[in-house]
Amino acid sequence: MSRLNQALLSDRPADVAVPGYDRAQVKTGVIHLGIGAFHRAHQAVVFDDALACGDLRWGVLGASLRSPGVRDQLNPQDGLYTLVVRDGSDEHLRVIGAGRGVLVGPEDPAVLVAAMADADVHIVTLTVTEKGYRLDPATGELLLEDMEVAADLADITAPRTAPGFIVAALRARKAVGLKPFTVISCDNLPHNGKRIRAGVIAMARHVDPSLADWIEAEGAFPQTMIDRIVPATIPDDIARLTARLGVEDQGMVKAEPFTQWVIEDRFAGERPDFASLGVQLTDAVEPWEDAKLRLLNGAHSAVAYLGALSGYEHVHEAVAAPALRAYVEALWDEAQTTLSPPPGLDIAVYREELMARFSNSALMHRTRQIAMDGSQKLPQRLLSGAAERLGAGRDIEAMALGVAAWMRWQEGVTEKGEAVVVDDPLASRTAELIAASENDEAEVRALLTLSAVFPAALATDRRFIDAVTGAFLSLREHGAVEAARRVTE
Ligand code: CS2
């Protein structure tokens, strides 16, 4: 079976949208670090729209900082891939042409640094997941003891980490008198722009203080809120698409129709006309971030643990269960009291839309995919909201159950006794703490000592300890679905 590529593009079925611009004329204006499915279904689509509007400066060179998997999917396809947008039985196919190929950082770091230092590059976007920032999730400080951070500090010309590549490339740009590029973090981290800025400047300061000063003065790291549900592609998705296209597309991504990108209006240099491309530019991203992280992502994580523990494989199946659906509403009731909604966001409407998005049965979004990396996700999704509610003297029953479900998931076995791999950078640490605990109360107390996850003020707050312990005992005694039902009684 042939692979999708430029030469075969003209033979696609008429209902498949293909790039209408001359790809040979496109320049590389964007480098994306961490090219996974989310980038391909979100930011790359916006840059593809810019190209389609005739501004050919915005081709995207992708980079993987770990494995060659995505390079091997996309480079044989001339960077082309299909975005499959699914809603119920509706399906829309669009071939995205913005991709200019993929580099694999570890294979030749200097090539990627040189590409980022090119004068045509104005923007570096990143999706390297929470752990890719190499920051302590609780304090936001650069993890100097991280082995790869230490390696970058020892030799910045051959970086390994995302902040390392940015520092190396900015150093190269400064040396030849170029402006910095704008760094746009597209990960689900609160204050994502501030965080990557802090990590980059901290690293730069170790390398060369004058570089750090220059980045502080000239660099731009806008905050962003990015939103689109993009489940991991499974072999059946590729098989179905091959049947439609008549060629194989190993780089395809599937997504829901909804997409949103809010960017703080702060750039170091050139950018596409984002506003005309449907991107919201604003001076205040934080209210958007908080609403999205605490409502969408908070519910996602809680449902992922409760659902995965009790045997719901997909999000739409979990929220179809009345007890879990009502629990999500209860969680949102709690979370929404901590928000100051941005102008233009009606929380009641947003909640209805979110529930409809979670219910999209065509996405097949696996609860176990969302369950990944919980130690990195919990602080911004559930814990910051819980701390605010406790501060205001309110209860946190639903939030505490989400936290307890994460703790229970760290045990690595579902309610039916199936062993599961706990995919989390702290998995071995949580396994040790759990193994050394004599009973459930001790297990909760032990996990609360993880200072990278639980800020001290919360971990020592009696009301928090009691709420999480109560939820944990309820999970153990009744199982996830019944424990969720009891929260809503
Ligand atoms: C999900 C997110 O996997 C996860 O943790 O909660 O990827 C979620 O689908 C996106 O943030 C939606 O924008």
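Structure above, values below:
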read-out: Probe 1.4 Å - accessible area at Arg476, Å² to nearest ten; value: 100
read-out: Net charge of Cβ neighbours under 15 Å - reference Asp49; Lys, Arg +1; Asp, Glu -1; value: +3
read-out: Point-charge dipole on Cβ atoms (K/R +1, D/E -1) for region 426-469, about Cα centre, debye to 20; value: 200
read-out: Positive-end residue, the chain charge dipole about Cα centroid, Cβ charges, pick of Leu331, His39, Leu178; value: Leu178
read-out: Unit charges on C-beta of K, R, D, E only; dipole of region 444-489, Debye; value: 80
read-out: Val176/Arg266 FRET efficiency (R0 25 Å; Cβ-Cβ; nearest 0.05); value: 0.55
read-out: Lys pairs, the chain - Cα-Cα below 23 angstrom, 8 or more residues apart or on other chains; value: 12
read-out: Accessible solvent surface per residue of region 276-350, calculated while the other protein chains remain in place, 1.4 angstrom probe, Å²; value: 33
read-out: Solvent-accessible heavy-atom area per residue, rounded to whole Å², over region 70-141 at 1.4 Å; value: 36
read-out: Region 45-176, accessible surface, carbon-and-sulfur percent (1.4 angstrom probe); value: 51
read-out: Simple Cβ-charge dipole of region 191-343, Lys/Arg +1 and Asp/Glu -1, about Cα centre, in debye nearest 20; value: 200
read-out: Quotient of Cα Rg and 2.2 N^0.38 Å for region 216-367, N being how many residues it contains; value: 1.22
read-out: Tensor-based shape of region 383-437 (alpha-carbon gyration tensor, a/c under 1.5 rounded, otherwise prolate or oblate); value: prolate
read-out: Exposure of Ser340 as accessible area (Å², to 10), given a probe of 1.4 Å and all protein chains; value: 90
read-out: With DNA, RNA and ligands ignored, accessible area of Ser451 (1.4 Å probe; Å², nearest 10); value: 80
read-out: Of all accessible heavy-atom area on region 410-489, the percent that carbon and sulfur account for (1.4 Å); value: 52
read-out: For Val420, net neighbour charge (Lys/Arg +1, Asp/Glu -1) across residues whose Cβ lies under 15 Å away; value: -3
read-out: Of Ala158, Gly132, Met147, farthest towards positive along the dipole that unit charges on Lys, Arg, Asp, Glu beta carbons give region 123-175; value: Ala158
read-out: Inter-label distance, nm, simple model (7 Å from Cα along the C-beta direction), Gln25/Asp208; value: 3.8
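The values are calculated or read from the model by the stated rules, or taken from the named source; none is laboratory data. Please read all numbers here as calculations on a predicted model, not as lab measurements. We place every Cβ from the backbone using ideal geometry, glycine too, and count neighbours over all the protein chains shown. SASA here: full protein model, heavy atoms, side chains in, ligands and nucleic acids out. Shrake-Rupley method; radii C 1.70, N 1.55, O 1.52, S 1.80 Å.
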